[in-house]
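Asks: Dropping a structure here in structure tokens format, bear with me for questions.
The values are calculated or read from the model by the stated rules, or taken from the named source; none is laboratory data. The model shown is predicted, which means the values in this text are computed figures rather than measured ones. Please note: Cβ atoms are built from the backbone with ideal geometry, for glycine as well, and neighbour counts cover all protein chains shown.
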Amino acid sequence: MSVPTGLEVTVFDEVFRNRPHERFDALREQDPVHTDRVLGRVLLTRAADVATTLKDRSLSVSPDNAAADTIVQRLMTLQEREGPRSMLSLDDPDHARLRRLVTHAFNARAIEAVKPRVRDVADELLDAVAGQERFDLIESFASPLPIIVIAAMLGVDAADVGDFRRWSKGLANVFSPIRTPELLAQLKDNADQLSAYFERAIAERRAAPRDDLISAMVAVEESGDRLTTQEIVTMCNLLLLAGNLTTTDLIGNCVLALLRHPDQLARVKADPARLADAIEETLRLDPPVVQSLRIPLEDREIGGCPVRKGEAVTTYLMAAGQDPALHADPLRFDIDRADKTHFAFGGGVHFCLGAPLARAEAEIGLARLFARFPDLALTGDPIERNISAAFNGVKELWVRP
């Protein structure tokens with residue numbers, strides 16, 4: 001049996017898109033530190049290797065440090081090479097500085113304060129589908145919920161939320177390894193519109209601060225250091241892109257798992273507090289983010305295998321959560337699983353800053369959904385996975401309330 005490589009280990013492959021565990025199992029058994037010479041990357045599928053790599057502070061996330069023959073350099077456009085970088089692709093000390101300043105505004109207090117709004121938004125969205133024989137859970141609930149919530153946190157006018165949703169969807173394939181001129185044009189157009197919107201909003205907040213996240217980031221100061229306008233724009237873009245798409249997929253994937261496992265759903269209905277367990281098990285088995293990147297700054301070994309300086313090391317977060325060396329019967333969805341260790345939010349210094357918000361939105365949203373529609377069921381319509389390079393979710397999820 002040949003080792004999966006190249007596009008076989010991307011969402012453009014039907015098997016990987018719908019049954020990724022088959023590719024992960026093959027790689028784990030045959031070549032767990034696999035050099036993919038087709039796309040120019042090294043693939044990690046063992047939990048131990050992924051965990052060690054994510055925590056290793058000597059590794060870089062900056063594309064500037066990737067070798068010329070890697071997928072990272074092949075995909076970078078001139079705009080991406082010269083444009084501003086988010087925390088996702090910055091190393092310390094730049095990453096640490098930005099994260100420290102942003103955390104002053106995007107903190108536990110801000111997330112706690114938005115929880116009542118999450119409940120209200122969830123109820124409003126469910127009101128809109130009440131009485132319908134069937135509805136698409138993604139389009140009607142899982143997608144608009146996090147967008148409306150983050151828009152409220154940022155202080156975006158309600159009338160502009162539709163634009164936000166369009167821009168967010170338009171940027172979903174920013175990590176795609178297949179970049180047509182049409183896709184590049186679409187990505188640039190959405191990014192430009194989004195950035196222009198935030199630049200205007202930041203200028204307004206500097207003149208007249210409000211009680212919102214943009215104003216808080218404008219006001220942040222530590223030892224004379226402040227966030228620049230461009231840094232705030234980049235952070236707003238990151239919150240919209242990374243936060244919305246991933247939370248949509250988390251909600252959709254969790255509902256799908258529970259509806260496909262009525263015994264697990266019965267446990268949740270009997271004790272709604274068990275939703276937290278269902279969410280963590282979804283994050284382990286079917287996480288919204290498939291992979292993460294690290295780049296060695298010198299030749300080294302990973303999992304006993306040589307990896308050269310500048311290599312694009314792809315840590316498969318999903319494969320790690322499904323590793324039988326970490327979890328017994330790893331493909332079984334079981335909210336009673338004692339150890340739900342997962343890597344859905346990455347790890348190390350780059351652990352996802354938005355993880356608490358994603359968990360809160362999913363738990364509150366799902367609680368309101370199943371309380372409102374206790375007999376929620378799948379309609380039997382085909383379920384098709386999104387073709388999105390880094391994100392993992394379904395295009396539509398048709399249900400009966």
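Asks: Considering only segment 46-127, give the helices (runs of 4 or more DSSP H) lying wholly within it that have at least 3 residues that are surrounded by fewer than 16 Cβ atoms within 10 Å (Cβ to Cβ) and in contact with a helix residue (DSSP H, G or I) (Cβ under 7 Å, 6 or more places away or on another chain).
Replies: none
Asks: Continuing with the same structure: Of all residues in segment 359-388, which are more than 18 Å from residue 273 (Cβ to Cβ) and of a type in the set (Asp, Glu)?
Replies: Selection gives 375, 381, 384.
Asks: Would you check which residues across segment 89-116 are under 20 Å from the mean Cα position of the chain (by Cα) and acidic (Asp, Glu) and list them?
Replies: Of everything in segment 89-116, just one residue is under 20 Å from the mean Cα position of the chain (by Cα) and acidic (Asp, Glu), namely 91.
Asks: Related question: What is the one condition in (1) over 30 Å from residue 376 (Cβ atoms); (2) in contact with a strand residue (DSSP E or B) (Cβ under 8 Å, 6 or more places away or on another chain); (3) β-branched (Val, Ile, Thr) that residue 229 does not satisfy?
Replies: Of everything listed in (1) over 30 Å from residue 376 (Cβ atoms); (2) in contact with a strand residue (DSSP E or B) (Cβ under 8 Å, 6 or more places away or on another chain); (3) β-branched (Val, Ile, Thr), residue 229 misses just condition (2).
Asks: Another question, if that's okay. Considering 126, 187, which residue is in contact with a Leu (Cβ under 9 Å, 6 or more places away or on another chain), at pLDDT 95 or above and of a type outside the set (Lys, Arg)?
Replies: On inspection, the qualifying residue turns out to be 126.
Asks: Which residues, taken from segment 1-45, are surrounded by fewer than 21 Cβ atoms within 10 Å (Cβ to Cβ), assigned to a loop (DSSP other than H, G, I, E, B) and hydrophobic (A, V, I, L, M, F, W, C)?
Replies: Residues satisfying the conditions are 1, 3, 12, 38, 39.
Asks: Separate question: List every residue pair whose Cβ atoms lie under 8 Å apart, where the two residues are 6 or more positions apart in sequence or sit on different chains, the first residue falls within segment 76-89 and is at pLDDT 70 or above, and the second residue, located anywhere, is small (Gly, Ala, Ser) and not in a loop (DSSP other than H, G, I, E, B).
Replies: Final answer for the pair search is 88/242.
Asks: If you scan segment 297-322, which residues turn out to be surrounded by fewer than 23 Cβ atoms within 10 Å (Cβ to Cβ), in a loop (DSSP other than H, G, I, E, B) and not basic (Lys, Arg)?
Replies: 297, 298, 299, 303, 304, 310
Asks: Residue under question is residue 263, and the condition is that it be surrounded by fewer than 20 Cβ atoms within 10 Å (Cβ to Cβ), in a helix (DSSP H, G or I) and either in contact (Cβ under 8 Å) with a residue 40 or more places away in the chain or touching a helix residue (DSSP H, G or I) at 6+ places or on another chain (Cβ under 9 Å) (or both); does it hold?
Replies: Against the criterion (surrounded by fewer than 20 Cβ atoms within 10 Å (Cβ to Cβ), in a helix (DSSP H, G or I) and either in contact (Cβ under 8 Å) with a residue 40 or more places away in the chain or touching a helix residue (DSSP H, G or I) at 6+ places or on another chain (Cβ under 9 Å) (or both)), residue 263 does not qualify.
Asks: Pairs please, first residue from segment 19-30 and closer than 13 Å to residue 325 by Cα, second anywhere and part of a loop (DSSP other than H, G, I, E, B) and of a type in the set (Lys, Arg), Cβ atoms under 7 Å, 6+ apart in sequence or on different chains.
Replies: Every condition considered, the pairs that remain are 28/46.
Asks: Considering only segment 292-331, state which residues are over 19 Å from residue 63 (Cβ atoms), of a type in the set (D, E, K, R) and touching a residue at least 12 places away in the same chain (Cβ under 8 Å).
Replies: Matches in segment 292-331: 323 only.
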